[in-house]
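The values are calculated or read from the model by the stated rules, or taken from the named source; none is laboratory data. None of these values were measured; they are calculated from a predicted model. Methodologically, a virtual Cβ is constructed for each residue, glycine included, from the backbone with ideal geometry; neighbour enumeration extends over all protein chains shown.
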Protein chains: 2
Amino acid sequence: MGYAEHFSIANIPFGIASRGSHSKPAPVTRLEDTVFFLADLDLPIDPAITQTFSHPTLNALAALPKSNLRHLRATLQTVLTEPGVVSAHGVPLAQVQMHLPVSVGGFTDFSCSTEHLLNASEAMAGVRSLPPAALHFPVGYGARASSVVVSGTPIARPLGQYYAPDDGEEVVFGPSQAMDYELEMGAIVGPPSTLGEPVAIGDADEHIFGVVLLNDWSARDIQKLEMRPLGPLNGKSFGTTMSPWVVTLEALAPFACAPPPKEFEPKPYLQDKKAESTYDVALEVDVSRGGGRATSVCTARQKWMYWTFRDLVAQQTVNGCSLSTGDVLGTGTVSGVGDGHHGCLLELKKAGGVAPVLAGGEPLVWLRDGDEVRLSGYAGAGVGFGECTGVLKPSRALYT
Amino acid sequence: MGYAEHFSIANIPFGIASRGSHSKPAPVTRLEDTVFFLADLDLPIDPAITQTFSHPTLNALAALPKSNLRHLRATLQTVLTEPGVVSAHGVPLAQVQMHLPVSVGGFTDFSCSTEHLLNASEAMAGVRSLPPAALHFPVGYGARASSVVVSGTPIARPLGQYYAPDDGEEVVFGPSQAMDYELEMGAIVGPPSTLGEPVAIGDADEHIFGVVLLNDWSARDIQKLEMRPLGPLNGKSFGTTMSPWVVTLEALAPFACAPPPKEFEPKPYLQDKKAESTYDVALEVDVSRGGGRATSVCTARQKWMYWTFRDLVAQQTVNGCSLSTGDVLGTGTVSGVGDGHHGCLLELKKAGGVAPVLAGGEPLVWLRDGDEVRLSGYAGAGVGFGECTGVLKPSRALYT
């Protein structure tokens with residue numbers, strides 16, 4: 001556990017929690033290992049803000065103009081450091097249950113990491129090449145909102161059709177035999193945009209409420225058979241895990257930095273005048289098998305990604321598509337150069353890729369039932385994401 | 001206009017409308033060219049049903065168990081034929097505004113027509129071949145819910161990146177130069193399913209509230225550049241038009257028929273013991289250019305499609321993915337053999353394909369600004385879908 005150091009007064013994340021006296025899920029923030037129901041704090045602010053504190057999701061809060069949210073953040077930073085507030089209103093983290101922070105409207109998952117695309121191409125198709133559009137704009141696909149769950153929710157191994165492992169031609173049905181995780185980040189959309197009106201890249205931050213970690217669980221065998229030509233569907237749509245704490249762009253601001261230089265100049269709608277348009281967040285994946293000790297299997301950094309959240313907002317809306325509050329814009333797998341920096345197991349199937357070795361001495365080729373996958377992310381100076389965990393459960397027996 | 005004959009007492013579709021005395025959108029049904037606000041009818045039925053009549057979308061109504069909906073249908077068929085009911089409660093269709101019938105949760109668009117897949121493959125890649133999975137299960141992709149609009153809403157030509165028409169290599173940015181429609185049908189999900197629990201194909205109908213027509217507007221140039229390997233995104237996500245009247249499975253029951261025989265036996269979860277698992281609905285597309293006369297450019301039939309709505313429910317959920325009320329399961333383009341039966345313009349780019357000629361004498365290669373596309377569908381014996389229309393507007397000038 002731990003992660004108290006991720007949630008200093010410099011963070012002030014938002015989440016949804018419940019406990020005895022708050023049997024209904026309601027908005028909370030967190031300071032170290034103490035949780036505060038926002039409605040308990042009697043904050044001296046505009047009722048337009050406080051009326052969102054009784055909602056069962058963060059959507060109403062997230063939809064507030066950024067000026068309101070900045071005022072709320074500053075007020076919380078003041079109030080939570082006043083004497084007696086923690087003892088009067090704080091609830092130990094262990095006494096609350098965390099829920100999915102937002103009702104997810106649309107969920108688009110992009111591919112922001114060119115390293116991931118190169119490694120995945122080599123692993124899936126035997127050719128180390130980028131998709132034709134990958135340097136022109138962030139490519140993505142429509143992911144599934146209904147199966148996004150909060151950290152800690154078990155994930156069942158999906159059933160589906162795939163090529164028999166021993167025979168490249170025969171298509172069989174059963175539980176996936178190639179279960180993978182994906183280390184991702186997601187931007188949560190705040191104020192919506194209007195259908196038919198592209199959001200200029202310079203205005204993108206106004207539509208981003210904050211950032212979460214995502215584990216985009218993937219069944220590689222199901223995905224491989226289905227994805228030509230329409231992309232992944234059932235290989236992904238059985239479950240995505242979201243971290244419970246939404247870290248705002250305001251908390252991440254001190255960690256702003258430049259993304260990698262562009263290989264060539266993008267079209268004007270993707271030219272960002274803000275140089276420090278991404279954030280330096282250290283990400284990690286660890287896996288525990290059979291209740292054993294966790295093994296770190298990957299470290300990566302948000303700033304390695306070629307495309308930024310601001311790019312994703314511009315790309316999603318350039319054709320007139322609207323953003324809704326609670327939408328998730330995922331980065332796709334975060335990866336870097338070298339086997340220790342690959343954000344999913346698929347990438348280690350590239351030529352010469354070596355699987356990490358777990359605490360019990362077994363190589364981690366694909367996930368087994370009972371494996372626990374934990375993502376974490378830390379920006380620095382008391383600002384982090386905590387963890388995003390899930391245990392892989394056996395498949396349902398139905399049909400098998 | 002017309003279409004009164006689609007809405008006999010045998011139909012009883014559901015929609016959402018507003019007018020002067022009902023300034024808020026509310027559930028309605030329709031008999032010929034007369035609309036009835038359900039809340040006005042003072043129906044002698046369970047309050048669990050009537051409480052849904054004040055909602056601004058059909059979601060609450062759609063989520064009712066099928067037994068409730070069958071009771072509502074039978075009651076409406078009785079009440080609407082009682083003397084004086086039309087004069088007391090009927091509102092002329094021309095006096096109401098129709099709205100999107102449901103709040104769309106998830107939207108998955110499948111490819112149910114093998115003819116469409118063959119023609120599109122030939123047009124896009126020069127090879128007439130089915131995707132590897134197409135006969136094993138319905139392939140699909142996550143489509144965009146936020147840009148689904150009701151019939152009559154104009155659609156703006158999207159901006160995006162694509163290969164310059166005269167040069168196969170250069171990527172340019174601007175308004176799409178290859179605008180297309182797609183003739184589709186969509187099942188609207190009623191009662192939700194549980195995450196992690198596949199819906200057996202025999203139970204699929206319990207989760208389908210009804211059926212609509214969909215025009216899945218497509219920008220073929222944008223789609224072509226982006227879709228490898230993750231599938232279509234911006235080439236589709238700018239707008240999908242939905243017909244305003246949801247025709248229930250109960251109304252379609254007399255038109256149930258068998259789908260085409262399977263090329264080979266599907267996996268058990270797609271083996272449907274119900275032989276008459278699809279419906280015989282005649283579909284048509286017509287296009288008017290510059291306010292001119294409408295030209296019929298395509299006829300097709302629902303029953304030509306290889307996969308059924310029941311198959312889509314089974315496929316979407318077999319991996320544990322949950323269905324939410326208001327989800328849309330789209331069929332993809334409905335097509336048959338022969339140029340006159342291709343549900344989109346892309347397919348006519350196959351070898352030897354001939355574009356239809358519009359009333360003014362011009363061939364319909366791609367859509368022009370101002371073109372109006374109208375889909376219609378009729379099952380027979382007073383049961384039809386009416387129309388699903390949209391006019392293509394010029395692109396926004398932003399960035400161009």
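Can you go through B:153, B:108 and tell me which one is in contact with an Asp or Glu (Cβ under 9 Å, 6 or more places away or on another chain), within 10 Å of chain A (Cβ to nearest Cβ), hydroxyl-bearing (Ser, Thr, Tyr) and touching a residue at least 40 places away in the same chain (Cβ under 8 Å)?
The unique qualifying residue is B:108.
I'm trying to understand the selection: among the residues of segment B:358-386, which are at negative phi, surrounded by fewer than 20 Cβ atoms within 10 Å (Cβ to Cβ), at pLDDT 95 or above and among the aliphatic types (A, V, I, L, M)?
B:364, B:365
Six or more apart or on different chains, Cβ under 6 Å: which pairs go from a residue in segment B:231-249 that's crowded, with 24+ Cβ neighbours inside 10 Å to one that's hydrophobic (A, V, I, L, M, F, W, C) and part of a loop (DSSP other than H, G, I, E, B)? Could you list them?
Filtered contacts from segment B:231-249: B:231/A:230; B:237/A:321; B:238/A:321; B:239/B:217.
Of the residues in segment B:355-386, how many are in contact (Cβ under 8 Å) with a residue 40 or more places away in the chain and either of a type in the set (Val, Ile, Thr) or touching a His at 6+ places or on another chain (Cβ under 9 Å) (or both)?
Looking only at that region, the number is 11.
Can you work out which of the residues in segment B:267-307 that are out of contact with any Lys or Arg (no Cβ under 9 Å at 6 or more places or on another chain) and among the hydroxyl-bearing types (Ser, Thr, Tyr) is nearest to residue B:347 (Cα to Cα)?
So, considering only residues that are out of contact with any Lys or Arg (no Cβ under 9 Å at 6 or more places or on another chain) and among the hydroxyl-bearing types (Ser, Thr, Tyr), the one nearest to residue B:347 (Cα to Cα) is B:299.
Tally time: how many residues in segment B:231-284 are within 24 Å of residue B:343 (Cβ to Cβ), in a loop (DSSP other than H, G, I, E, B) and among the aliphatic types (A, V, I, L, M)?
3
Of the numbered conditions (1) part of a helix (DSSP H, G or I); (2) within 21 Å of residue A:244 (Cα to Cα), residue A:347 satisfies every one except a single condition; which is it?
Tallying (1) part of a helix (DSSP H, G or I); (2) within 21 Å of residue A:244 (Cα to Cα), residue A:347 fails exactly one: (2).
What residue, of A:133, A:187, A:123, A:145, is touching a helix residue (DSSP H, G or I) at 6+ places or on another chain (Cβ under 6 Å) and either part of a loop (DSSP other than H, G, I, E, B) or aromatic (Phe, Trp, Tyr) (or both)?
That would be A:133, the only listed residue that is touching a helix residue (DSSP H, G or I) at 6+ places or on another chain (Cβ under 6 Å) and either part of a loop (DSSP other than H, G, I, E, B) or aromatic (Phe, Trp, Tyr) (or both).
All but one of (1) free of Cβ contacts under 8 Å to residues at least 24 places away in the same chain; (2) buried (at least 18 other Cβ atoms within 10 Å of the Cβ); (3) more than 28 Å from residue A:327 (Cβ to Cβ); (4) not basic (Lys, Arg) hold for residue A:49, so report the exception by its number.
Failing condition for residue A:49: (3).
Tell me, yes or no, whether segment A:129-140 has at least one residue that is in contact (Cβ under 8 Å) with a residue 24 or more places away in the chain and away from chain B (no Cβ under 13 Å).
The answer is no; no qualifying residue exists.
Please enumerate the residues belonging to segment A:309-337 that are away from chain B (no Cβ under 13 Å), more than 18 Å from residue A:200 (Cα to Cα) and touching a helix residue (DSSP H, G or I) at 6+ places or on another chain (Cβ under 7 Å).
Within segment A:309-337, A:334, A:335, A:336, A:337 qualify.
Yes or no, residue by residue, for (1) surrounded by 24 or more Cβ atoms within 10 Å (Cβ to Cβ); (2) modelled with pLDDT under 95:
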residue	(1), (2)
A:133	no, no
A:139	yes, no
A:163	no, no
A:167	no, yes
A:223	no, no
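Identify the residue in segment A:161-184 that is within 21 Å of residue A:109 (Cα to Cα) and part of a strand (DSSP E or B) and, among all such residues, is farthest from the other protein chains (Cβ to nearest Cβ).
Ranking the qualifying residues of segment A:161-184, first place goes to A:183.
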